[in-house]
């Protein structure tokens, strides 16, 4: 049983690696389960058995990229309850590191999500989870600094959600800015969105 599980995990990793390479290729619009199977040198049914569908395969690839991008650190960020601004700063840094970790693959996954409804559905669910995280941070901040009206709170959540998106990171990073430079820009605007820029940080 242990040997079978090890082989299954190796096969899964090989398929995900093949999927990643195909997405980085010039003809990624022709991405298919069959093409991934050929690239991984496994039977097509093996890919379907492991992932169920193309959307399932790409969801698994996104999870794999997230794991390599250290997204598991997000749970630790939310255990920081003493300082909501520090929590937001760390939240921004975690996502910046994730977006930078495999930027070309993430860009292409988002591109496929824009034209494939099933893949897009999975990406929207991920975005909503990020929005929920932003809402939690803003609500924690307002318990300490109740400076915003309810309408301003909603705008702040929408603004920070936009600022922490891959699209914003990708546009700000361009070909010259470092991860840390982008994170600093996002933090500055996120602070402004909640009114922290007008406060004495000390």
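It is to be established whether one or more residues within the range 89-97 are in the same structural domain as residue 172 (by TED's automatic domain parsing) and free of Cβ contacts under 8 Å to residues at least 24 places away in the same chain. Write out each step before concluding.
Filtering the range 89-97 for residues in the same structural domain as residue 172 (by TED's automatic domain parsing) gives 89-97.
Retained after the next criterion (residues that are free of Cβ contacts under 8 Å to residues at least 24 places away in the same chain): 90.
Checked against the condition, which is being in the same structural domain as residue 172 (by TED's automatic domain parsing) and free of Cβ contacts under 8 Å to residues at least 24 places away in the same chain, the range 89-97 yields at least one hit.
In the range 42-74, how many are farther than 24 Å from residue 110 by Cβ and out of contact with any helix residue (DSSP H, G or I) (no Cβ under 8 Å at 6 or more places or on another chain)?
2
Looking at residue 22 and the list (1) part of a helix (DSSP H, G or I); (2) in the same structural domain as residue 124 (by TED's automatic domain parsing), which single condition is not satisfied?
Condition not satisfied by residue 22: (2).
Looking at the range 1-48 only, could you name the residues that are surrounded by fewer than 19 Cβ atoms within 10 Å (Cβ to Cβ), over 24 Å from the mean Cα position of the chain (by Cα) and within 22 Å of residue 67 (Cα to Cα)?
5, 6, 7, 8, 10, 11
Yes or no: residue 105 in contact (Cβ under 8 Å) with a residue 40 or more places away in the chain, in contact with a helix residue (DSSP H, G or I) (Cβ under 6 Å, 6 or more places away or on another chain) and outside the structural domain of residue 165 (by TED's automatic domain parsing)?
Against the criterion (in contact (Cβ under 8 Å) with a residue 40 or more places away in the chain, in contact with a helix residue (DSSP H, G or I) (Cβ under 6 Å, 6 or more places away or on another chain) and outside the structural domain of residue 165 (by TED's automatic domain parsing)), residue 105 does not qualify.
Of everything in the range 1-19 that's part of a helix (DSSP H, G or I) and more than 20 Å from residue 53 (Cβ to Cβ), which residue is modelled with the highest pLDDT?
Filtering the range 1-19 for residues part of a helix (DSSP H, G or I) gives 2-19.
Next, from what is left, pick out any that are more than 20 Å from residue 53 (Cβ to Cβ): 2-7, 9-10.
Numbers: 2: 67, 3: 72, 4: 71, 5: 74, 6: 78, 7: 80, 9: 85, 10: 89.
Looking at the filtered set, the residue picked out is 10.
Does at least one position in the range 59-79 carry a residue that is more than 19 Å from the chain's Cα centre (by Cα), farther than 25 Å from residue 117 by Cβ and not in a helix (DSSP H, G or I)? Talk me through it step by step, then tell me what you get.
Taking the range 59-79 first, the residues more than 19 Å from the chain's Cα centre (by Cα) are 79.
Okay, now just the ones that are also farther than 25 Å from residue 117 by Cβ, so 79.
The next check asks that each one be not in a helix (DSSP H, G or I); those that pass are 79.
Within the range 59-79, one or more residues are more than 19 Å from the chain's Cα centre (by Cα), farther than 25 Å from residue 117 by Cβ and not in a helix (DSSP H, G or I).
The values are calculated or read from the model by the stated rules, or taken from the named source; none is laboratory data. Remember, predicted model here, so these are calculated numbers, not experimental data. Neighbour counts are summed over all protein chains in view; Cβ atoms, including those assigned to glycine, are modelled from backbone coordinates with ideal geometry.
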